[in-house]
Amino acid sequence: MGEMITFPSNGHEASGYLATPEAGVGPGVIVIQEWWGINSHIKDVCDRFAAQGFLALAPDLYNGRVVAEPDEAAKAMMALQLQDASKQMTGAVKELLRRSGGSGVGVVGFCMGGGLAYVLAANQPELVKALVPFYGVIPWPDAEPDYALIQAPIQGHYAEHDDASSPEIVRQLEQRLRSMGKSVEFFIYPGTEHAFFNDDRPEVYHAQSAMQAWDRTTQFLRDTLDD
C-alpha cells in the first residue's frame, strides 16, 4: 500500500514512507518514528491509517538507517540533531499538504516520535491541527518545546508502567497544558508497558489497549481534521 518517496526539506531532499488511501486523497497524518527508525512497524501503522482513509507520511529521520538493538537505538536517538529533524518533519508536513490539498495535518508519534510530535506542533502551530503522542517523551533536557505555542487539541496515550514517562509525569504535563488553556485528554492504560501499541514486540504488546488506543486515535483525527 505504501512506498518510499522523496520531498523537499529546507533546500535539501528528505525521504519518507507514504501510504495512500484507496480514494487517492484523504486527511493528512504525519507519523513520527520510534527510536528504531522507519521499520516494518511504522510502515504498517502508515498502511493502517491509509486503510482508514488517511494519507499518511512517516519522515525518515534516520535517513535510511534502521536499528534493532536498544543500545544501537539509544545511540541513534542521541545522535539525532533536533534542528535537522525539525526541518525534515516540517518538509513532510508541507509535502503532505501539497498532496492532500488540506489546510492542516494530524501528527501521531511513538516513543521518541511522541516527544518530537510536541516539537513539531509547537514549531508549526498553524499547520498541525491534531496531536497524538503515544508514550512520548522529550529525550533531550534542553529540547523541550514551547508548549504555549501549540494550538492543536491533544490526545495522548500512555502506559501505566513506564520508567521514561510515568503516570505522575504524564499527569503533571496534562495539568500544565490545561493551565495554558490547551484542549488535552491523556489516557493511561492499566497493566501496560512502554510501547504497548507495537505488535512487533510481543513482550510488551497489549492487544486490548492497542485496539482501544487505535479506535480513539482514528476517531479523534476524523473529528478534528474534518472540521
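Here is a list of conditions, (1) closer than 15 Å to CYS111 by Cα; (2) in contact (Cβ under 8 Å) with a residue 12 or more places away in the chain; (3) over 15 Å from the mean Cα position of the chain (by Cα), and ALA148 meets all of them except one; can you say which number that is?
Every condition holds for ALA148 apart from (1).
Would you check which residues across region 104-119 are part of a loop (DSSP other than H, G, I, E, B) and farther than 17 Å from PHE220 by Cα and list them? Full working, then the answer.
Looking only at region 104-119, we keep the residues that are part of a loop (DSSP other than H, G, I, E, B), and these are 104, 111.
Once the filter is applied, which keeps residues that are part of a loop (DSSP other than H, G, I, E, B) and farther than 17 Å from PHE220 by Cα, region 104-119 yields only CYS111.
Within region 53-79, how many residues are assigned to a loop (DSSP other than H, G, I, E, B) and either without any contact (Cβ under 8 Å) to a residue 24 or more places away in the chain or surrounded by fewer than 18 Cβ atoms within 10 Å (Cβ to Cβ) (or both)?
Of region 53-79, the ones assigned to a loop (DSSP other than H, G, I, E, B) are 53-54, 60-69.
If we keep only those that are either without any contact (Cβ under 8 Å) to a residue 24 or more places away in the chain or surrounded by fewer than 18 Cβ atoms within 10 Å (Cβ to Cβ) (or both) as well, we get 53, 63-69.
Matching residues across region 53-79 total 8.
Does PHE196 satisfy the criteria of being in a helix (DSSP H, G or I), buried (at least 18 other Cβ atoms within 10 Å of the Cβ) and either more than 18 Å from the chain's Cα centre (by Cα) or aromatic (Phe, Trp, Tyr) (or both)?
Numbers: in a helix (DSSP H, G or I): no; buried (at least 18 other Cβ atoms within 10 Å of the Cβ): yes; either more than 18 Å from the chain's Cα centre (by Cα) or aromatic (Phe, Trp, Tyr) (or both): yes.
Against the criterion (in a helix (DSSP H, G or I), buried (at least 18 other Cβ atoms within 10 Å of the Cβ) and either more than 18 Å from the chain's Cα centre (by Cα) or aromatic (Phe, Trp, Tyr) (or both)), PHE196 does not qualify.
Quick one: how many residues across region 120-138 are modelled with pLDDT of 95 or more and not in a strand (DSSP E or B)? Spell out the reasoning first.
Looking only at region 120-138, we keep the residues that are modelled with pLDDT of 95 or more, and these are 120-134.
Still in the list and also not in a strand (DSSP E or B): 120-127.
Final tally of qualifying residues: 8.
If you scan region 183-227, which residues turn out to be of a type in the set (Phe, Trp, Tyr) and either closer than 17 Å to PRO133 by Cβ or in contact (Cβ under 8 Å) with a residue 24 or more places away in the chain (or both)? Quick ask: steps written out before the conclusion?
If we filter region 183-227 for residues that are of a type in the set (Phe, Trp, Tyr), which is where we start, we get 186-187, 189, 196-197, 205, 214, 220.
Once the filter is applied, which keeps residues that are of a type in the set (Phe, Trp, Tyr) and either closer than 17 Å to PRO133 by Cβ or in contact (Cβ under 8 Å) with a residue 24 or more places away in the chain (or both), region 183-227 yields PHE186, PHE187, TYR189, PHE196, PHE197, TRP214, PHE220.
On the given criteria, is ARG216 at pLDDT 95 or above and open to solvent by 10 Å² or more (accessible area, probe 1.4 Å)? Step through it out loud before you land on a result.
Numbers: at pLDDT 95 or above: yes; open to solvent by 10 Å² or more (accessible area, probe 1.4 Å): yes.
Spelling it out, ARG216 is indeed at pLDDT 95 or above and open to solvent by 10 Å² or more (accessible area, probe 1.4 Å).
Of all the residues that make up region 9-52, how many are surrounded by fewer than 15 Cβ atoms within 10 Å (Cβ to Cβ) and either touching a helix residue (DSSP H, G or I) at 6+ places or on another chain (Cβ under 6 Å) or assigned to a loop (DSSP other than H, G, I, E, B) (or both)?
6
Residues that are at pLDDT below 95, part of a helix (DSSP H, G or I), open to solvent by 20 Å² or more (accessible area, probe 1.4 Å) and over 20 Å from VAL31 (Cβ atoms): does region 176-191 have at least one?
Looking through region 176-191, at least one residue is at pLDDT below 95, part of a helix (DSSP H, G or I), open to solvent by 20 Å² or more (accessible area, probe 1.4 Å) and over 20 Å from VAL31 (Cβ atoms).
Which one of these is buried (at least 24 other Cβ atoms within 10 Å of the Cβ) and hydrophobic (A, V, I, L, M, F, W, C): ALA143, ALA130, ALA164, ALA148? Before you say what the answer is, go through the steps one by one.
Numbers: ALA143 fails: buried (at least 24 other Cβ atoms within 10 Å of the Cβ); ALA164 fails: buried (at least 24 other Cβ atoms within 10 Å of the Cβ); ALA148 fails: buried (at least 24 other Cβ atoms within 10 Å of the Cβ).
Exactly one of ALA143, ALA130, ALA164, ALA148 is buried (at least 24 other Cβ atoms within 10 Å of the Cβ) and hydrophobic (A, V, I, L, M, F, W, C), namely ALA130.
The values are calculated or read from the model by the stated rules, or taken from the named source; none is laboratory data. Computed from a prediction, not measured in an experiment: that's the story for all the values here. Glycine gets a Cβ as well: all are built from the backbone with ideal geometry, and neighbour counts include every protein chain shown. Accessible surface areas use protein heavy atoms only, side chains included; no ligands, DNA or RNA. Shrake-Rupley method; radii C 1.70, N 1.55, O 1.52, S 1.80 Å.
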